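Undergrad: Sending over a structure as structure tokens; questions will come in a sec.
Values quoted throughout were computed directly from the atomic coordinates according to the rules given, and no laboratory measurement underlies them. These figures come from a predicted structure and were not determined experimentally. For neighbour counting, all protein chains shown are included, and Cβ atoms are generated from backbone atoms with ideal geometry for every residue, glycine included.
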């Protein structure tokens with residue numbers, strides 16, 4: 001079974017993370033199991049210098065798993081490998097009802113464009129056929145449905161219908 005995927009895209013400081021957070025909260029409240037994939041354009045660490053897991057990576061471990069009674073994380077060092085594709089990362093996730101991506105602007109899955117009108121960034125809707133809605137900081141004209149960035153309920157209802165979401169059995 002292929003898991004439906006929805007992208008949250010836009011330019012820097014458009015409000016992508018806040019909208020992703022609101023949408024995840026709304027959809028999980030409706031009973032959906034949602035996973036997210038965030039693309040970073042820079043190096044990042046989930047562990048810190050001196051921590052055991054950091055020391056394992058520094059020693060050359062290919063992957064380091066950190067496990068507790070509350071959560072687990074696996075850090076995979078790419079070293080000389082290419083960045084994995086979105087499909088490769090999605091395939092590693094546990095079964096869920098929806099994967100929401102943040103970033104991955106140029107991938108082919110359906111997306112919601114987030115606009116901060118003050119920033120004056122280029123518009124994606126109309127130029128990118130995968131943009132199925134716009135969430136904006138104010139009124140805008142677009143060739144797709146438009147929502148406010150705060151309308152998580154309306155966006156969730158739209159996503160349910162547009163992606164034909166259903167709950168895992």
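Undergrad: Can you name the residue in region 20-37 that is in contact with a helix residue (DSSP H, G or I) (Cβ under 8 Å, 6 or more places away or on another chain) and not in a loop (DSSP other than H, G, I, E, B) and, of all such residues, is surrounded by the fewest Cβ atoms within 10 Å (Cβ to Cβ)?
TA: If we filter region 20-37 for residues that are in contact with a helix residue (DSSP H, G or I) (Cβ under 8 Å, 6 or more places away or on another chain), which is where we start, we get 22-23, 25-27, 30, 34, 36-37.
Then drop every residue that is not not in a loop (DSSP other than H, G, I, E, B), which leaves 22-23, 25-27, 34, 36-37.
Values: 22: 19, 23: 23, 25: 13, 26: 19, 27: 22, 34: 19, 36: 17, 37: 17.
Taking the candidates together, the pick is 25.
Undergrad: Quick check, is residue 75 out of contact with any helix residue (DSSP H, G or I) (no Cβ under 6 Å at 6 or more places or on another chain) and not in a loop (DSSP other than H, G, I, E, B)? Explain how you work it out, then say what you get.
TA: Details: out of contact with any helix residue (DSSP H, G or I) (no Cβ under 6 Å at 6 or more places or on another chain): yes; not in a loop (DSSP other than H, G, I, E, B): yes.
So residue 75 fits the description; yes.
Undergrad: Since residue 116 meets every condition but one in (1) in contact with a helix residue (DSSP H, G or I) (Cβ under 9 Å, 6 or more places away or on another chain); (2) buried (at least 17 other Cβ atoms within 10 Å of the Cβ), which condition does it not meet?
TA: With (1) in contact with a helix residue (DSSP H, G or I) (Cβ under 9 Å, 6 or more places away or on another chain); (2) buried (at least 17 other Cβ atoms within 10 Å of the Cβ) applied to residue 116, the lone miss is (1).
Undergrad: Could you check, for region 149-167, whether at least one of its residues is part of a strand (DSSP E or B) and either in contact (Cβ under 8 Å) with a residue 24 or more places away in the chain or more than 15 Å from residue 24 (Cα to Cα) (or both)?
TA: No, there is no match, as no residue in region 149-167 is part of a strand (DSSP E or B) and either in contact (Cβ under 8 Å) with a residue 24 or more places away in the chain or more than 15 Å from residue 24 (Cα to Cα) (or both).
Undergrad: Further question on the same structure: Restrict the check to region 90-107 and report whether at least one residue is over 12 Å from residue 16 (Cα atoms), loosely packed, with under 12 Cβ neighbours inside 10 Å, out of contact with any helix residue (DSSP H, G or I) (no Cβ under 7 Å at 6 or more places or on another chain) and in contact (Cβ under 8 Å) with a residue 60 or more places away in the chain.
TA: yes
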